[in-house]
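S.K.: Take a look at the following structure, please.
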Amino acid sequence: MISSLQLPTYPQELEAWWWQKALTKWSDHGEEKILNLLRREIVEQSDRFNKKRIFDLGAYGSRDLSILAYGNFFFPRTWYAMNLCLAEAHFFRSWKKSQKGPIRILDLGSGSGASSFAVLQFLNNLDLDNPIFLNAYDYSGKSLGFLEQIHGALKRLWAKSKIQTKRLDLTSNLTKEKNQKYDLILMGYSFNEIFERREMEEKEKWMEDLTRLLSSNGILIVVEPANKKSCQELHSLSSQLISSQNELFLHAPYFNNHSCPLISNSSKYYSHEVRKIPITNRVQKINIPLNLEMNQVKFGFCILGKQKPKSYAFDSTICRVVSPINKKKGTLNFIGIGGNGMEYRYEIQRRDLKNDETKILTKLERGDILKIKNGLVGKDLTLIRVPNFESVTWPFAPRWEKA
Ligand SMILES: C[S@@+](CC[C@H](N)C(=O)[O-])C[C@H]1O[C@@H](n2cnc3c(N)ncnc32)[C@H](O)[C@@H]1O
């Protein structure tokens, strides 16, 4: 089985909380009628995220129906994305919270809190002594109201935390936040919305101001939708930021402070994760007629931090998988970005693999981090021939426990 790390699944209490909210809101409706209401709204939201891309306060943050549709359907997926990023920061990149004193978290464009709660619960599971303070900002007061309610109702999941919410238009107000430093700054699928149709220069300036709010070992985790434009933009931006600030480093998705090479070359691929997630019963039920792809989460992300990142081999012996695992011409092959920030194609002959070994390797996911031993290089220095199954190990290939 492929797994370097088993992570706990999305909490059932959260799933139940959102559904209970819907039942309370439409107490005179039967289950099927509520499901249909939510489904219609989900189709709208899906179009808004993927096609129309019109975001304003009236778009979905101001109506109960929209928030309940998001909460019951999309919330777990966002939760999984942020959960995974923090797992990478903590277990693979060695992000350490401060020894004592509070852990301060800032969630920007928090909405009703999918990213906030993924992080609060993750920290709660680490059983830390530190108190945890989370500030959640969004221009949707209604969403923030839901966030507060969830926090209060499910206290067991984030026992040591206190939260504060603020209603704020983030395009203009960030610069006022100067004195407080944060150990974790989160932006879960919000950056692209906040800065839709804005100039790159403005985005850069804003991000630069934001990174100044990081504490000395703080990290900023930005998760974006997996469309090419958002991902390429995120990686251009992070590359720009580390070259203009001496004390800012890129911890992930790649290695040794290297930016994403796929922003400037003509690769078929661009940086993003494709992760299988356990689908909750409620999402499954809502999704029956919609048939949306809810058993995986796709997203682009980066982690920026003030401390020098952990060091890895500066070559092709470590890589992050950025393509599907393809079966072609008698080989299994995939594209990976190596420890030197270069794009490599890795190939393993299927005749050198037993059936169960092939099965295992095809379960590798886009985003897994692999170590490759004894890879052979020929004339083409970007092609790595992997001799056998034993040459491949996966130091970071997290999976969630079965629901
Ligand atoms: C896709 S939602 C993501 C919500 C949340 N981060 C999550 O993980 O589920 C984007 C959020 O950004 C907020 N947003 C968009 N533009 C904003 C702005 N100019 N100022 C503040 N919040 C904004 C929206 O209200 C919404 O809650």
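S.K.: Give me a comma-separated list of calculated 3J(HN,Hα) values for the stretch 180-188, in order, Karplus coefficients 6.51, -1.76, 1.60 applied at θ = phi - 60°, integers in Hz, x for any Gly or Pro.
M.R.: 7, 9, 10, 7, 9, 10, 10, 9, x
S.K.: When the helix-only estimate is applied to the chain (DSSP H runs of n ≥ 4, each -39,500 (n - 2.57), divided by the residue count), what is the mean residue ellipticity at 222 nm, nearest 500 deg cm²/dmol?
M.R.: -9500 deg cm²/dmol
S.K.: Provide the net charge surrounding residue 357, with neighbours chosen by a C-beta distance below 14 Å and charges set as Lys +1, Arg +1, Asp -1, Glu -1.
M.R.: +3
S.K.: Give me the Å³ per residue figure for the convex hull around the C-alpha atoms of the chain.
M.R.: Hull volume normalised by residue count: 144 Å³.
S.K.: Size of the dipole of the chain about the Cα centre, Lys and Arg at +1 and Asp and Glu at -1 on the beta carbon, nothing else charged, in debye to 20?
M.R.: 620
S.K.: Grab the other residues whose beta carbon is less than 15 angstrom from that of residue 381, score K and R as +1, D and E as -1, and report the net.
M.R.: Net charge around residue 381: -1.
S.K.: Please give the per residue volume of the convex hull enclosing the alpha carbon atoms of the stretch 285-346, rounded to a whole number of Å³.
M.R.: In the stretch 285-346, the Cα convex hull volume per residue is 150 Å³.
S.K.: To the nearest µm²/s, what D does Stokes-Einstein give for the stretch 272-403 at 10 °C and 1.306 mPa s, using the Kirkwood radius over alpha carbon pairs as Rh?
M.R.: Calculated translational D: 96 µm²/s.
S.K.: Then there's this: Report ³J(HN,Hα) in whole Hz for each residue of the stretch 333-342, in order, from the Karplus equation J = 6.51 cos²θ - 1.76 cosθ + 1.60 where θ = phi - 60°; Gly and Pro get x.
M.R.: These are the phi-based 3J(HN,Hα) values: 9, 7, 9, x, 9, x, x, 9, x, 9 Hz.
S.K.: Identify, among 266, 131, 65, the residue whose Cα sits farthest towards the positive end of the charge dipole of the stretch 7-305, taking +1 on the Cβ of Lys and Arg and -1 on the Cβ of Asp and Glu, with the dipole about the Cα centre.
M.R.: Working it through, the farthest residue towards the positive pole turns out to be 131.
S.K.: Another question, if that's okay. Rounded to the nearest 10 degrees, what's the angle between the helix 12-25 long axis and the longest principal axis of the chain, both from Cα atoms, 0 to 90?
M.R.: Approximately 40 degrees, to the nearest ten.
S.K.: Whole number please: convex hull volume per residue of the Cα set in the stretch 318-396, in Å³?
M.R.: Convex hull of Cα atoms, per residue: 85 Å³.
S.K.: Please find the FRET efficiency linking residue 196 to residue 43, where r is the Cβ-Cβ separation and R0 is fixed at 22 Å, and quote it to the nearest 0.05.
M.R.: FRET efficiency, residue 196 to residue 43: 0.60.
S.K.: Using amide H atoms built in the peptide plane, which far-off residues or other-chain residues are under 5 Å from residue 340 H to H?
M.R.: Counting only residues 5 or more places away or on other chains, the set is 315.
S.K.: Count the net charge of all other residues whose Cβ sits under 11 Å from the Cβ of residue 129, scoring Lys and Arg as +1 and Asp and Glu as -1.
M.R.: +2
S.K.: Kindly express, to the nearest 10 degrees and within the range 0 to 90, the angle between helix 114-125's C-alpha long axis and the longest C-alpha principal axis of the chain.
M.R.: Roughly 70 degrees, rounded to the nearest 10.
S.K.: Quick one: angle between helix 75-87 and the longest Cα principal axis of the chain, in degrees between 0 and 90, rounded to 10, please.
M.R.: 50
S.K.: Here are some pairs, 162/308; 327/354; 181/298; which of them have Cα atoms lying more than 22 Å apart in this structure?
M.R.: Where the Cα-Cα span goes over 22 Å, the pairs concerned are 162/308; 181/298.
Values in this text are rule-based calculations from the coordinates and carry no lab data. The structure presented is a predicted model; accordingly, all values stated were derived computationally and were not measured. We place every Cβ from the backbone using ideal geometry, glycine too, and count neighbours over all the protein chains shown.
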